[in-house]
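To start, the structure itself, in structure tokens.
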Amino acid sequence: MPLSSDTHDVIVVGAGISGLTAAITLQARGFQVRVFEKRDTAGGLCGTHTIDGYEFTIACNDFGSALERAMADLGVDITFHHPRSLLYTERAAYTLPLRLATVRPFLPVAPDLLRFLRALRVAERSGEPIFVADLLDRAVKGGEFADFVATVCWAFGSPPRRFRADLFAALFSKKLGYGYDHPVTPIGGTATLAGRMVARLQDLGGRVDLGVTVTDIAQRAGSTTVTTDHGSYYARHVISSQQRLNCYPPNAEAGLAVATMHIATTTGAPFPEGVHTVMHVPAGLPAILTRLDAGELPTAFAFNVFPCDLPGDRTYRSFNAYLMCPRGTDDLDPTERDHIQGYLFDRIDTMLPGFTAAIRYHRLIAPREFQQLHGLSSTLAPAILPPGFTKPDNYDPDRDIYYVGNTVQPPCEHAGSALVSGLRAADAISARSEPPPGAGRSTLGDTAAGPRSESDRAR
């Protein structure tokens, strides 16, 4: 018979945004929840790391407004910026979200915008399996707006010719409510967001154990056994952030991977106030993405640069710039690195005059080194979904496991959809079973051979 300290209502495998969202929701509803995370920090891609003495954001940097609403509902003590973004094309600079004072640059592309939206609505009603590139060919007459649309495809590591129109529409669906038309960023950065989520779970009585690798999940004698490198634990329900790519068709390729240029500057480096992201959009971006997807490094490429929001005072300011690598590229040779650095710094100085003069450190992190540093993939989308395929459900009845993350429902592959997957898993468990009678704040005991929790590590 398992010890009571090893038995839980819910065990969550993975302390990313989706896993923590599910855990907090269920703990607040009276379930006793324990989270196992294989890395030494919670948050997954939402965090920071220090390299060569400088601290940088890992990956997550901005979110849809749904995250702000969800954190308020969960009682997570975090506040948000509501920043602007600047997109620089060869013709104009565009400010988002769109406001009356910033609408002028959009006026020349307004006819293309209206035709594109009309074609998108027609495609949605017909259920026709088409791609964004088809919509651009049918409705868009100018290359400027095509480049603008391609920036959305770029954000998911997929060329317009492979980005499904229905999934493009889902990004801005009012029903799904991701809120990427009004982006937000957590004050203090994504590591602060992850830390506050962990603190909220612990305040409710839940537990997060870091540095614990789950090796097996199996049904035994009416409960689920979760085997880890620290021992076995038992639960009524299990939520896993393991990807369900085994449910995908064989022709579902991953999206393009990202390379990161870490940049540290003097504290006075020029960057516009109230802006989070500045993006360079080269002419012909749809074709550039097609070349990247074919494994070629183009002469010109799109990238964005943003300041890493870090708590506390520093003698430097840190920034990340993200760009796509050609498909199949894990590393970059010296010639490729020189080309990328020269192109990137030249365009940054055009958008932000004087910025490069303030640089005191920079380092380009290719996908392989990213994996080595963080134990995580820099691929933007786990899979580019082929026509007719719907992501699998959150629940696997054969294994009695609830899944969260971007390889299960709902549609899209970003922090907003991962967040919703966590809420869906929590709702499904709540509908299936009641918390124990008299359940309230959990009082989980430590086992002698058990792993250290995040609160243990702070002592």
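Miscellaneous remarks
- Those lysines that a straight Cα-Cα span of less than 18 Å connects to LYS391, excepting residues fewer than 8 apart in one chain: LYS175
- Expressed as a whole percent, the accessible surface of region 31-148 that belongs to carbon and sulfur atoms is 55, based on a 1.4 Å probe.
- Environment charge of ALA294, counting only residues whose C-beta is closer than 15 Å and scoring Lys/Arg +1, Asp/Glu -1: +1
- The alpha-carbon atoms of region 55-149, seen along their principal axes, cover 47, 35, 30 angstrom, with the largest extent given first.
- Using alpha-carbon coordinates, inclination of helix 65-74 to the longest axis of the chain, degrees: 20 degrees
- Against the compact-protein benchmark of 2.2 N^0.38 Å, the Cα-based radius of gyration of region 245-371 scales to 1.16.
- The heavy atoms of ARG200 offer some 70 square angstrom of accessible surface to a 1.4 angstrom probe.
- Top positive-direction residue, dipole computed over the chain with Cβ charges, set ASN406, GLN243, PHE319: ASN406
- The ARG99 and GLN341 beta-carbon pair, evaluated with R₀ = 30 Å, returns a calculated FRET efficiency of approximately 0.30.
- A Cβ-based charge dipole, computed about the Cα centre of region 137-202 with Lys and Arg at +1 and Asp and Glu at -1, lands at about 260 debye.
- Region 379-419 - convex hull of alpha carbons, volume per residue in Å³: 76 Å³
- A 1.4 Å probe run over the protein chains yields, for region 247-377, 41 Å² of accessible area per residue, whole-number rounding.
- Estimated FRET transfer efficiency when R0 is 22 angstrom, pair ALA428-ASP73 (beta carbons, to 0.05): 0.80
- By the Cβ distance rule of under 4.7 Å, the chain has these cysteines without a partner: CYS153, CYS247, CYS308, CYS325, CYS412.
- Note on the chain: with charges restricted to the Cβ of Lys and Arg (+1) and Asp and Glu (-1), its dipole about the Cα centre is near 920 debye.
- Charged-residue dipole, Cβ positions (Lys, Arg, Asp, Glu), region 139-277 about Cα centre, Debye nearest 20: 460 debye
- Using the Cβ-Cβ distance between ALA92 and VAL152 with R0 set to 25 Å, the FRET efficiency from 1/(1 + (r/R0)^6) comes to roughly 0.90.
- The packing ranking of peptides 287-296, 215-224, 338-347, highest mean first, is 287-296, 338-347, 215-224, where packing means the average number of other beta carbon atoms within 10 angstrom of each residue.
- Quarter of Cα convex hull surface for region 77-129, i.e. mean projection, nm²: 6.7 nm²
- Kirkwood Rh, angstrom, the chain [1 / mean 1/r, Cα pairs]: 23.2 Å
The values are calculated or read from the model by the stated rules, or taken from the named source; none is laboratory data. Being a predicted model, the structure only gives us computed values, none of them experimental. Methodologically, a virtual Cβ is constructed for each residue, glycine included, from the backbone with ideal geometry; neighbour enumeration extends over all protein chains shown. Note: areas computed on protein heavy atoms with side chains; ligands, DNA, RNA excluded. Shrake-Rupley method; radii C 1.70, N 1.55, O 1.52, S 1.80 Å.
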